[in-house]
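Everything on this sheet refers to the single structure shown next.
The values are calculated or read from the model by the stated rules, or taken from the named source; none is laboratory data. Quick caveat, the model's predicted, so the values are computed rather than measured. Cβ coordinates were reconstructed from backbone atoms using ideal geometry, including for glycine residues, and neighbour counts include every protein chain displayed.
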Amino acid sequence: MPLADVIVAVESHPARLVEITGGEPLEQDEVYALMDALLAKGHTVMLETGGHVRIDRVPKPVIKIIDIKCPDSGEGETFCWDNVDLAEPHDEFKFVVASRRDYEWSREVLRQQFKDCSNTILFSPAHEELPPKDLAEWVLADGLPVRVQLQLHKYIWGPDVRGV
């Protein structure tokens, strides 16, 4: 879809918040022009990224939600650690936790790598793998300065629905 058509489609909605997600947006060069165009139109732009691509080309006003892959994802070694220093204060880091092992790993990464970080840190239970209540109880018991977040679209539309 040409960029101009995407902007027309977005502008047809009254919402001023646009979130770019799906696969890895930063692996598509066209995403940078899209973010610039949306910002120029006055939109608040959010970007969900898997965290393995450097975020240095993303416009600073874009709110980036940067995944840090936990061991049970099978992608635990893919995170680009430069992104911690490249993040803006409004950016967020998200750990998707699938098990107690993932939680303990995330807790240690938080304590070691993010001890001086003021960014919002999200812990999200892997849908249908870890009960949200378990994750919330662990976070509370350890007094972690994180926000527990559910993947609401999976509860509202179902875990296999795309494009929502």
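If you check GLY163 against the conditions, is it surrounded by fewer than 16 Cβ atoms within 10 Å (Cβ to Cβ), at positive phi and modelled with pLDDT under 90?
Yes.
Among the residues of region 84-113, write down those that are among the basic types (Lys, Arg), more than 11 Å from PRO71 (Cβ to Cβ) and touching a residue at least 24 places away in the same chain (Cβ under 8 Å).
LYS94, ARG100, ARG107
For HIS127, all conditions in the list (1) out of contact with any Phe, Trp or Tyr (no Cβ under 9 Å at 6 or more places or on another chain); (2) assigned to a loop (DSSP other than H, G, I, E, B); (3) modelled with pLDDT under 95 hold save one; what is the number of the exception?
(1)
Out of region 58-107, which residues are in a loop (DSSP other than H, G, I, E, B), buried (at least 18 other Cβ atoms within 10 Å of the Cβ) and of a type in the set (Phe, Trp, Tyr)?
Matches in region 58-107: PHE79 only.
If a residue must be of a type outside the set (Lys, Arg) and more than 18 Å from ARG57 (Cβ to Cβ), how many such residues does region 78-117 contain?
So the answer is 22.
When region 108-124 is examined, which residues are found to be out of contact with any Leu (no Cβ under 8 Å at 6 or more places or on another chain) and not in a helix (DSSP H, G or I)?
PHE114, LYS115, ASP116, CYS117, SER118, ASN119, THR120, LEU122
In region 7-57, which residues are in a helix (DSSP H, G or I), touching a residue at least 24 places away in the same chain (Cβ under 8 Å) and surrounded by 16 or more Cβ atoms within 10 Å (Cβ to Cβ)?
ILE7, VAL10, PRO25, LEU26, LEU34, MET35, ALA37, LEU38
Filtering region 141-164 down to residues that are outside any loop (DSSP other than H, G, I, E, B) and among the basic types (Lys, Arg), which residue is farthest from THR21 (Cα to Cα)?
ARG147
Looking at region 12-29 only, could you name the residues that are closer than 17 Å to ARG57 by Cβ and touching a helix residue (DSSP H, G or I) at 6+ places or on another chain (Cβ under 7 Å)?
ILE20, PRO25
Among the numbered criteria (1) under 18 Å from ASP67 (Cβ atoms); (2) of a type outside the set (A, V, I, L, M, F, W, C); (3) surrounded by fewer than 15 Cβ atoms within 10 Å (Cβ to Cβ), which one does THR120 miss?
(3)
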